[in-house]
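Coordinate-derived values only; no laboratory data. Owing to the predicted nature of the structure, the values given are computational and were not obtained by experimental measurement. Positions of Cβ are backbone-derived with ideal geometry, glycine not excepted, and every protein chain shown enters the neighbour counts.
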Amino acid sequence: MYAVVRTGGKQVRVSSGQAIRVEKLGGEVGDAVSFDEVLLIGGDGETKVGQPLVSGASVSGKITAQGRGEKLVIFKMKRRKTYRRKQGHRQAYTEVLVDAIKA
């Protein structure tokens, strides 16, 4: 069984036992987290598609890590104009281990 949830402005496909990285969520390592914005549930027989959400559905999991991703370098330059700007960015993330999908 799998589900599509909306978190952090993105849609993520999850299944039980899977570890996913999502935009940073509040909480400590070991805390329980629940995703209530379930857009689709499928896998076992009939697929349930929400309009826009599947009523009564939720996905629960546990926070396994809080961290920051790889560094991205943003470099802007205009040739022959002595214009150069260099900026770095590291996106914060939360790693969640999905426990159960409740339909």
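Counting only GluC sites (Glu not before Pro) that sit in a DSSP loop (anything but H, G, I, E, B) with at most 10 other Cβ atoms within 10 Å, what is the longest stretch of the chain containing none of them? List each step's numbers first, then the result.
Details: sites that count: Glu28, Glu46, Glu70.
That would be 71-103.
Select one label from [x] 39, 17, 7; [y] 21, 16, 15; [z] 36, 17, 10: the one whose number is semi-axes √(5λ) of the Cα gyration tensor in Å as derived from the coordinates shown. So the calculated entry is the one marked [z].
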